[in-house]
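Okay, so here's the structure we're looking at.
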Amino acid sequence: MAKRTTICAGIDTGKRKLDVAIDGNSLQLQVENTAEGHKALLEWLRRHKVKRIGIEASGGYELPVVSELRRKRFIVVVFQPAQVRAYAKFHLQRAKNDKIDAALIAACTAAVKKIHAAPDPGCSRLPNI
């Protein structure tokens with residue numbers, strides 16, 4: 001039986017920009033955290049056949065892009081910052097910048113075994129874990 005691989009990406013979210021990395025790959029992207037930037041992100045993710053995206057909760061700055069990704073049928077895992085820090089610590093990752101964080105979130109996303117369903121958008125603004 002052939003092994004199936006889900007291509008995962010990680011997004012480090014900022015107020016003005018999104019840094020994106022694909023797990024196990026040197027491909028990275030930086031876009032504005034705007035509707036135009038989200039459109040460019042969607043095209044890039046599709047071109048690279050990404051199916052699952054991890055993003056760190058970032059004071060609400062992640063909500064518009066998470067909503068758009070889910071609307072376009074991507075699997076989105078929203079991590080609490082403590083989860084990503086714990087994953088980094090476990091892997092002895094100390095260096096920190098936006099590009100490194102995006103790659104770390106991508107690796108963390110690929111390691112997730114159980115994906116919880118996204119919350120009903122009409123019920124809550126809280127992200128899933």
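The values are calculated or read from the model by the stated rules, or taken from the named source; none is laboratory data. Given the structure is predicted, the values throughout are model-derived calculations rather than measurements. For neighbour counting, all protein chains shown are included, and Cβ atoms are generated from backbone atoms with ideal geometry for every residue, glycine included. We work out accessible area using only protein heavy atoms, side chains counted, and drop any ligands, DNA or RNA first. Shrake-Rupley method; radii C 1.70, N 1.55, O 1.52, S 1.80 Å.
Quick rundown of the values:
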{"quantity": "Too-long pairs where the Cα-Cα distance tops 26 Å, listed order kept, from Lys15/Lys39; Lys72/Lys96; Lys49/Lys89", "calculated": "Lys72/Lys96; Lys49/Lys89"}
{"quantity": "Accessible area of Val66 in the full protein assembly, 1.4 Å probe (Å², nearest 10)", "calculated": "10"}
{"quantity": "Exposure of Glu68 as accessible area (Å², to 10), given a probe of 1.4 Å and all protein chains", "calculated": "40"}
{"quantity": "FRET E, pair Ala111, Leu63, Förster distance 41 Å, beta-carbon r, rounded to 0.05", "calculated": "0.95"}
{"quantity": "Computed over segment 31-90: relative contact order in percent, which uses C-alpha pairs under 8 Å that are six or more apart", "calculated": "33"}
